[in-house]
Amino acid sequence: MAKVKRVYSCKECGAQTPQWAGRCSDCGAWNSLQEEIQTPQPASNQASISRHSGYAGEQKSEVQTLSQVTSEQAVRWTTGLPELDRVLGGGLVTGSVVLIGGDPGIGKSTLLLQAMAMMAKTSKVNPLYISGEESLQQIRLRAERLQLEQTPLDLLAETHAEQIIATAHGRKPQVMVIDSIQTVFTELLQSAPGTVAQVRESAAQFVRFAKSSGTTLILVGHVTKQGALAGPRVLEHMVDTVLYFEGDTSTRFRILRAVKNRFGAVNELGVFGMTELGLKEVSNPSAIFLSRGEESLAGSVVTVIREGSRPMLVEVQALVDESPLGNPRRVSVGLEQNRLAMLLAILHRHGGITCSDQDVFINVVGGVKLSETGADLAVLAAVLSSLRNKPIPRDWILFGEVGLTGEIRPVQAGEERIHDAVKHGFTHAIVPAANAPRKAIKGISIIAVQHLSEAIDALKQAE
Ligand code: TYD
Ligand code: MG
């Protein structure tokens, strides 16, 4: 094997030095030098890559016309967890690389152990679960808890990247899980496991192995508390699919979100509940995010958002209270702060309602994050309801984007949202005029609005 040369390169300016230093001698940035493997000369480049990973026979690429390129239907495996399949875009694509990120303790290992055990049990796939964090005994204990200890799942406790690849070569698993990428190390670098250089280089080796052997690879990455420096962020560009597993560890619910997917829609959500018996799928998330009491309360409004391919009902709460401060607070959980400030300005300018001497708090129930604008109208309705202390009837629902001129703009899949609301027993909906269905929908009366002032009038009549 050719001798590998290590260099330290500055992540600010790219300068390289053979020795580590606290400060880059070129650009003067502090603490910016990272260990790297020196890229060999172009002529020997391919040869050295195939030597590293043990593959020979590099093929020369040829130019082809787009119309001549044959498309191969991606083969997908079901993971046995329909929610996970949906977030992946309909199953695990063979030969793809998936990164699952999330806070420590959120349930990544549990999710993957469940999925791999199901795959080993039901299909002809033979997955290999590699853990760098837990011993085989610990995994066995977890499997007993999940009542999966009888499944023929292959396990390996190993942290040495080259060793893992050698084992994978021998066993040829179709699916390989590395839990977690922060614990593995490659002997090519001297830095400790978990550093940016190690994470990046060992992930690159696994990806190279996966792509050349057709193995489906699932990498687990912890998001570090201080911004995700050595975390999954540095790997996002290398992989096909990035999923984030989020949720409040104090609540039962966990949300799996696709933030990048070469084989499916992004922003697709999967909802799970953590129980004593592992993760259970929640196939009707609206029901849990909407578990409200019987009474109508001021400041609470339900809206229907669309995450990925599925509409979902969520409750938006507002508390508007007289502020003792000269500069009133605007605090929002689950909604972007700037968006709240903008909506309040629109409410003032186009609705004639001022909150300038009030603290405004917004909370989206259930830890949901609103990433689309369809909830604008509901946020304003909640603010208004709390400000006036007038509840909005429980069976009313609102959605629509609010523009800077006070116009109510349409959102995607309006009719589908209305149908979802009907399913959950809502009888009145305030929707953008452009989203109003042409034919009446049974069970719900639609109030179509074009401007914020019309929506405010409609809400007044509801009281
Ligand atoms: P884990 O999968 O180890 O998290 P990660 O791999 O993301 O770090 O999840 C650990 C948490 O899940 C732990 O706090 C215990 C809880 N848990 C349950 O509540 N029920 C279960 O059946 C299992 C296996 C774990
Ligand atoms: Mg884990």
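We did not get these values from a lab; they are worked out from the coordinates using the rules stated. On a predicted model such as this, the values are computed, not experimentally measured, just so you know. Note that each Cβ is placed from the backbone with ideal geometry, even for glycine, and that neighbours are counted across all protein chains shown.
In a simple Cβ point-charge model (Lys, Arg +1; Asp, Glu -1; nothing else charged), the chain has a dipole of about 740 debye relative to its Cα centre. Reducing the range 356-399 and the range 99-132 to their Cα centroids gives an inter-centroid distance of 38 Å.
Relative contact order for the chain: 11 percent, from Cα pairs under 8 Å spaced at least 6 residues apart, divided by residue count. Overall shape: oblate for the range 131-190, with the ratio a/c of the largest to smallest alpha carbon gyration tensor axis at 1.5 or above and b/c at least equal to a/b.
Any chance you could give the angle, 0 to 90 degrees and rounded to 10, that helix 108-122 forms with the longest Cα principal axis of the chain? So the inclination is approximately 70 degrees. Charged neighbours of GLU372, selected by a Cβ distance under 9 Å, balance to -1 (K, R count +1; D, E count -1).
Rg then Dmax, both in Å and based on the Cα atoms of the chain: 26.4, 80. Rounded if a/c is under 1.5, else prolate if a/b beats b/c, else oblate: with a ≥ b ≥ c from the C-alpha gyration tensor eigenvalues square-rooted, which is the range 287-462? Prolate shape, in that a/c is at least 1.5 and a/b is the bigger ratio. Helix 414-423 against the longest principal axis of the chain: what's the angle in degrees, Cα atoms only, rounded to the nearest 10? With rounding to tens, the tilt is 80 degrees. Around the Cα centre of the range 253-358, unit charges on the Cβ atoms of Lys, Arg, Asp and Glu (plus for the first two, minus for the last two) sum to a dipole of about 600 debye. Count Lys and Arg as plus one, Asp and Glu as minus one, and take only other residues whose Cβ is under 12 Å from that of GLU416; the net charge is then +2.
Under the convention that each Lys and Arg Cβ holds +1 and each Asp and Glu Cβ holds -1, the size of the dipole of the range 374-422 around its Cα centre is about 320 debye. Karplus-based coupling profile of the range 128-140, in residue order and whole Hz: 10, 9, 10, 10, x, 9, 10, 7, 4, 5, 5, 5, 4, with θ = phi - 60° in 6.51 cos²θ - 1.76 cosθ + 1.60 and x standing for Gly or Pro.
What does the charge count near GLN190 come to, summing +1 for each Lys or Arg and -1 for each Asp or Glu among other residues with Cβ under 13 Å from its Cβ? Summing Lys/Arg as +1 and Asp/Glu as -1 gives -2. Against the chain, whose longest principal axis comes from its Cα atoms, helix 376-388 is set at around 50 degrees.
Comparing ASN261, LEU155, ALA74 along the charge dipole axis of the chain, the residue lying farthest to the positive side is ALA74, per the Cβ-charge model. Mind running the shape call on the range 75-283? Use the C-alpha gyration tensor, a ≥ b ≥ c as the square roots of the eigenvalues: rounded below 1.5 for a/c, prolate if a/b tops b/c, oblate otherwise. Taking the square roots of the gyration eigenvalues as a ≥ b ≥ c, the range 75-283 is rounded.
Loop-resident trypsin sites (Lys or Arg not before Pro) (DSSP state other than H, G, I, E or B) in the range 294-361 with no more than 13 further Cβ atoms inside 10 Å of their Cβ: ARG329.
GluC sites (Glu not before Pro), restricted to the range 310-363: which are DSSP loop and have at most 15 other Cβ atoms within 10 Å? Counting only loop positions with at most 15 other Cβ atoms within 10 Å, the GluC sites (Glu not before Pro) in the range 310-363 are GLU336. With 0.36 nm allotted per residue and the present C-alpha distance subtracted, the LEU277-GLN68 stretch has 70.2 nm of extension available. For the chain, the list of Cys residues with no other Cys C-beta under 4.7 Å reads CYS355.
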